[in-house]
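See below for the structure under consideration.
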Amino acid sequence: MSKIDDTKLEKIVEAIFKAHGFDPKVEEGWVLPTQTYPAMKAFWYPEATEYVGQLTIEIFLNEKRSVIESFAGFGEKKFESALENFIKNALPLYLAAFWGYDSQEISIDTWELHGEQYLAFIGDYGVINPKEEFSIPEDYLEVMHDAISAEPLGDEFHWFNLFYANFDAQNRQAEALKENEAWEAGTEAINSLDWLKVYDYYSVRQSIILKKL
């Protein structure tokens with residue numbers, strides 16, 4: 001692929017929305033799928049680390065709130081790897097939650113939290129290097145629902161990014177973000193689950209977006 005500059009990124013994001021039936025317009029690098037907000041913009045960091053490139057996606061909701069999520073790219077084609085990671089693991093969720101797209105790759109539920117109704121857009125599980133015997137812990141969604149329900153809410157949108165990695169049978173890492181910021185209670189919830197312990201690396205990422213009804 002040719003050099004990835006801002007213009008190339010803009011055209012890629014625009015093409016993604018067109019492929020899903022939208023007629024987007026572009027303003028100063030922001031792609032507006034429905035001619036108004038929310039809007040999406042991509043940023044590419046080819047040498048985020050020595051071996052990894054980073055594709056960062058920002059979704060502008062309003063003057064005070066933006067969704068920011070990053071996707072790693074590996075190997076000789078780092079950008080293509082990161083883009084595939086984004087399209088597979090996050091795009092269906094974003095399309096459904098922010099632009100009303102009918103995605104078959106996620107699930108949608110109604111949650112009552114603090115006396116208010118929310119649509120819960122539940123993203124698919126992005127698993128890297130899954131083991132033959134691997135499965136998501138049975139109580140994963142129940143545990144994450146309880147952790148989310150303990151949080152102060154009330155805005156139109158709330159979003160949670162969740163990650164777990166097994167490096168070997170003794171070294172593991174969990175990370176949870178609530179609206180782009182470290183979420184300690186979410187990390188503790190992920191760590192409390194009965195994840196498969198093996199001597200090989202695997203990782204799981206998953207996201208949940210709430211939209212107030």
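What follows is calculated from the coordinates using simple rules that are stated; it is not laboratory data. The model shown is predicted, which means the values in this text are computed figures rather than measured ones. Please note: Cβ atoms are built from the backbone with ideal geometry, for glycine as well, and neighbour counts cover all protein chains shown.
For Rg/Rh (Cα atoms, Kirkwood Rh), one of (1) 1.04; (2) 0.96; (3) 1.27 was computed from the structure I shared and the rest are decoys. Which label?
Read-out from the structure maps to (2).
Where Lys and Arg each count +1 and Asp and Glu each count -1, what net charge lies around Leu210 among other residues with Cβ under 12 Å from its Cβ?
With Lys, Arg at +1 and Asp, Glu at -1, the net is -4.
How are the Cα pair distances of segment 60-172 distributed, in percent, across 5 Å bins from 0?
For segment 60-172, the binned pair fractions read 2, 8, 16, 19, 22, 16, 9, 5, 2, 0, 0 percent.
Hey, how many Å between the Cα centroid of segment 56-78 and the Cα centroid of segment 141-213?
Between the Cα centre of segment 56-78 and that of segment 141-213, the gap is 18 Å.
If the chain between Tyr125 and Asp146 were fully stretched, how many nm would it gain, using 0.36 nm times the residue separation less the Cα-Cα distance?
Taking Tyr125 through Asp146 to full extension adds about 5.7 nm, to one decimal.
Can you give me the convex hull volume of the Cα atoms of segment 6-99, divided per residue and expressed in Å³?
Residue-normalised Cα hull volume stands at 93 Å³.
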